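What follows is a short report on a single structure.
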Amino acid sequence: MLPYVAKRLLLTVPLLLAVSVLVFLVLHLVPGDPAIVFIGDREATPERLAQIRHVMGLDRPLVVQYVDYLGKLSQGNLGRSIHSDRPVLGELTTRAGSSAELALASFLIAVALGLGLGVISALRRSTWIDAAAMLVALGGVSMPIFWLAAMLIFVFSLKLGWFPATGFGGWNRLVLPAFALGFVSSATLARLVRSSVLEVLWQPFVTTARSKGLREALVIRRHVLKNAFISVVTVMGLQFGTLLSGAVITETVFARPGVGKLLVDSILNKDFPLVQGAVLFIATVYIVMNVLVDVSYVYLDPRIRFE
Amino acid sequence: MSRTSTWIPASGSSEVTAERARRRLLWFDVLVRLRRSRGPAVGGMMLTVLALAAIAAPLLTPYDPLAMHPADRLRPPGLHHPFGTDVFGRDLFTRVLYGSRISLQTGLVSVVIAVAVGVPIGLTSGYYGGVADRLLMRLVDLMLTFPGILLALVIVAILGPNLLNAMLAVGISASPTYARVVRASVLTVRELAYVEAAQALGCRNTRIIVHHILPNTVAPVIVLGTLGLAGAIITAAALSYLGLGAQPPTPEWGALLSEGRNYLRVAWWMTTFPGLAIMAAVLAINLLGDGLRDALDPRLRY
């Protein structure tokens with residue numbers, strides 16, 4: 001058990017390093033001189049550019065620059081935003097709370113809706129309930145999240161006035177964005193839950209459970225759902241990635257001050273230190289979430305524990 | 001493969017004709033399976049209508065998608081303007097119609113880029129194995145570390161926001177999935193007797209890859225490409241919506257939604273109709289893709 005978790009954690013180190021290389025290279029891959037990119041719309045005299053090059057270390061070899069970057073990274077120094085001149089780490093941490101709140105709330109909605117729709121349609125296979133649930137799921141898969149978000153704002157905040165359309169703070173500002181994000185993610189989940197429940201439903205051990213006289217509810221709960229959830233957890237982990245990237249869009253539509261909106265704004269402002277910081281932050285969260293998903297298998301599936 | 005291992009396909013022999021007939025039968029089988037289920041038929045029909053509308057756009061509307069008519073600004077949907085007009089008095093139906101040209105094309109080009117990048121990586125990785133395989137797969141793993149739209153955002157951040165870069169970004173960020181799937185099918189095909197036979201005959205590796213291995217990866221790539229088209233349209237629209245793809249006044253669907261954003265209170269139609277257009281296209285493609293997947297390669301299900 002412990003060696004497995006340790007091994008899984010160890011494997012993330014090279015991945016995180018690779019991500020840091022890519023993020024580091026972003027500034028250098030932008031066509032043109034990084035110093036000019038850095039100075040943005042401000043006046044660029046040759047002296048000023050030379051000074052920036054020196055201060056940023058751009059006049060040194062790329063490898064040295066990367067090692068330097070990594071050294072600063074290990075101390076939590078992600079550079080300063082060009083736009084606000086505040087430390088990138090500070091900008092990220094002040095917004096992480098809002099994003100975490102949105103991610104958690106929409107994840108709960110996605111799981112509740114996805115499991116509900118998926119299990120019901122599998123148990124009522126080939127009835128109108130199944131068809132209706134899968135139609136809802138297909139609609140969710142096909143719906144652009146920014147459109148659903150805009151429609152929710154139109155109906156529930158502009159017409160009915162039930163919830164505020166924008167901002168952060170309080171549950172009533174969370175309902176609409178969390179639902180928009182959660183619903184779109186639940187659709188994929190519902191389709192997967194349905195097919196994995198259907199797969200387990202015809203396994204011999206389910207027949208055995210029934211033939212020994214177990215109540216149907218117990219058969220479903222103990223034998224069907226528990227086994228079906230192993231594959232569902234994988235996708236839930238992957239869905240978390242969809243959720244993270246969906247949050248980028250959702251936060252922009254609802255003008256929520258989160259990491260996603262920060263990323264989009266920084267791309268539009270050409271604020272590259274902030275772009276690098278936000279990308280690194282989101283990728284790291286995603287990698288950590290995937291490790292947690294892998295570790296959770298060990299609890300869900302005893303077969304892995306004994307391997 | 002119940003034949004003896006020394007069997008070598010001789011061109012022009014009856015075995016090749018039999019193989020061709022078998023293949024034709026396979027595709028016929030796929031068509032029959034597709035026709036049997038309702039979903040793909042509905043999806044295919046919707047998609048055909050959309051494509052025809054995109055092609056025949058100038059015949060279907062008397063308006064110009066870009067010409068402004070300030071006198072007609074923000075008209076609600078009515079007889080003359082079925083989808084209403086936007087803030088510059090442009091007919092929204094016309095803009096959505098012309099937008100279908102741009103959005104469908106953007107999706108197609110993105111998928112072509114994804115295939116052009118992903119398939120060669122998968123073929124090389126799967127066929128040669130060894131160091132090349134390990135290196136390429138690490139690269140693919142790295143790209144998959146960036147969830148969903150994030151990699152596309154990074155690429156747009158590097159290249160700058162416009163429609164062409166958005167297509168590149170969407171295509172490149174989708175390519176790892178193609179590489180993975182192609183590699184998996186190459187790994188199974190590589191071990192088959194006819195590949196060994198071709199190698200024994202002294203065929204060059206590129207010839208073996210192109211003539212013997214590539215055709216076997218076509219089915220999963222078609223399925224992925226179809227479902228990927230839906231994803232590409234949504235992602236490209238999302239980029240445009242965020243201001244990182246098509247720029248105004250281009251009537252791309254995502255850009256249209258973005259234009260409607262500030263007028264939601266006074267002009268709901270500016271947001272509703274472009275969104276419905278995206279949904280219709282994506283739904284049609286998903287229906288077709290799901291059907292294709294079931295008919296071509298049931299293993300790809302989830």
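Of all residues in the stretch A:1-20, none satisfies the criterion of being in contact (Cβ under 8 Å) with a residue 40 or more places away in the chain, charged (D, E, K, R) and loosely packed, with under 12 Cβ neighbours inside 10 Å. You will find that of B:ALA116, B:ALA157, B:ALA132, the residue that is in a helix (DSSP H, G or I), at pLDDT 95 or above and among the small types (Gly, Ala, Ser) is B:ALA116 and no other. Just one of the numbered conditions (1) facing another protein chain (nearest Cβ under 10 Å); (2) modelled with pLDDT of 80 or more is not true of A:LEU218: (1). The residues on offer are B:ALA246, B:ALA281, and the sole one that is closer than 16 Å to B:SER100 by Cβ and touching an Asp or Glu at 6+ places or on another chain (Cβ under 6 Å) is B:ALA246.
Do we have any residue at all in the stretch B:83-104 that's β-branched (Val, Ile, Thr), touching a Gly at 6+ places or on another chain (Cβ under 8 Å) and either part of a helix (DSSP H, G or I) or free of Cβ contacts under 8 Å to residues at least 40 places away in the same chain (or both)? Checked the stretch B:83-104: no residue is β-branched (Val, Ile, Thr), touching a Gly at 6+ places or on another chain (Cβ under 8 Å) and either part of a helix (DSSP H, G or I) or free of Cβ contacts under 8 Å to residues at least 40 places away in the same chain (or both). Restricting attention to the stretch B:84-105, the residues being hydroxyl-bearing (Ser, Thr, Tyr), more than 18 Å from B:ALA230 (Cα to Cα) and modelled with pLDDT of 90 or more number 2. Residues in the stretch B:70-90 that are over 13 Å from B:GLY260 (Cα atoms) and among the acidic types (Asp, Glu): B:ASP72 alone. When we screen A:ALA18, A:ALA96, A:ALA105 for residues that are more than 30 Å from A:ARG173 (Cα to Cα) and either within 14 Å of another protein chain (Cβ to nearest Cβ) or among the hydrophobic types (A, V, I, L, M, F, W, C) (or both), the only hit is A:ALA18.
Tallying residues that are within 12 Å of another protein chain (Cβ to nearest Cβ) and either free of Cβ contacts under 8 Å to residues at least 60 places away in the same chain or within 19 Å of B:LEU283 (Cα to Cα) (or both) within the stretch B:243-254 yields 2. Of the listed requirements (1) more than 10 Å from chain A (Cβ to nearest Cβ); (2) closer than 30 Å to B:ASP29 by Cα, B:LEU283 misses just one: (1). When the helices (runs of 4 or more DSSP H) confined to the stretch A:186-294 are screened for residues that are of a type outside the set (Val, Ile, Thr) and in contact (Cβ under 8 Å) with a residue 12 or more places away in the chain, those reaching at least 3 such residues are found at A:226-253, A:259-268. In the stretch B:163-175, the qualifying residues are those that are away from chain A (no Cβ under 13 Å) and either of a type outside the set (A, V, I, L, M, F, W, C) or not in a helix (DSSP H, G or I) (or both), and the one that is nearest to B:VAL109 (Cα to Cα) is B:GLY171. Among the residues of the stretch A:1-58, the ones that are farther than 19 Å from A:LEU70 by Cβ and part of a loop (DSSP other than H, G, I, E, B) come to 11 in all.
Considering (1) touching a residue at least 60 places away in the same chain (Cβ under 8 Å); (2) away from chain B (no Cβ under 14 Å), the lone condition that A:GLY169 does not fulfil carries the number (1). Candidates B:THR217, B:THR235, B:THR206: the one that is away from chain A (no Cβ under 14 Å), under 20 Å from the mean Cα position of the chain (by Cα) and β-branched (Val, Ile, Thr) is B:THR217.
Looking only at the stretch A:236-293, residues that are under 18 Å from B:SER258 (Cβ atoms), more than 7 Å from chain B (Cβ to nearest Cβ) and surrounded by fewer than 22 Cβ atoms within 10 Å (Cβ to Cβ) come to 3 in all.
A:LEU201 passes every criterion in (1) in contact with a Lys or Arg (Cβ under 9 Å, 6 or more places away or on another chain); (2) over 30 Å from A:ALA255 (Cα atoms); (3) within 14 Å of chain B (Cβ to nearest Cβ); (4) modelled with pLDDT under 85 apart from (3). Checking each residue in the stretch B:229-254 for being under 14 Å from A:ILE249 (Cβ atoms) and among the hydroxyl-bearing types (Ser, Thr, Tyr) picks out B:THR235, B:SER240, B:TYR241.
Please indicate, with yes or no, whether at least one residue in the stretch B:140-152 is of a type in the set (Ser, Thr, Tyr) and within 8 Å of chain A (Cβ to nearest Cβ). It would help to see each step written out before you state the result.
First, the residues of the stretch B:140-152 that are of a type in the set (Ser, Thr, Tyr): B:145.
Restricting the remaining residues to those that are within 8 Å of chain A (Cβ to nearest Cβ) gives B:145.
So far as the stretch B:140-152 goes, yes, one or more of its residues are of a type in the set (Ser, Thr, Tyr) and within 8 Å of chain A (Cβ to nearest Cβ).
Among the residues of the stretch A:216-252, the ones that are among the β-branched types (Val, Ile, Thr), within 30 Å of A:ASP85 (Cα to Cα) and touching a Ser or Thr at 6+ places or on another chain (Cβ under 9 Å) come to 1 in all.
The values are calculated or read from the model by the stated rules, or taken from the named source; none is laboratory data. In this text, all values refer to a predicted model and were calculated from it rather than measured experimentally. Backbone-built Cβ (ideal geometry, glycine too); neighbour counts: all protein chains shown.
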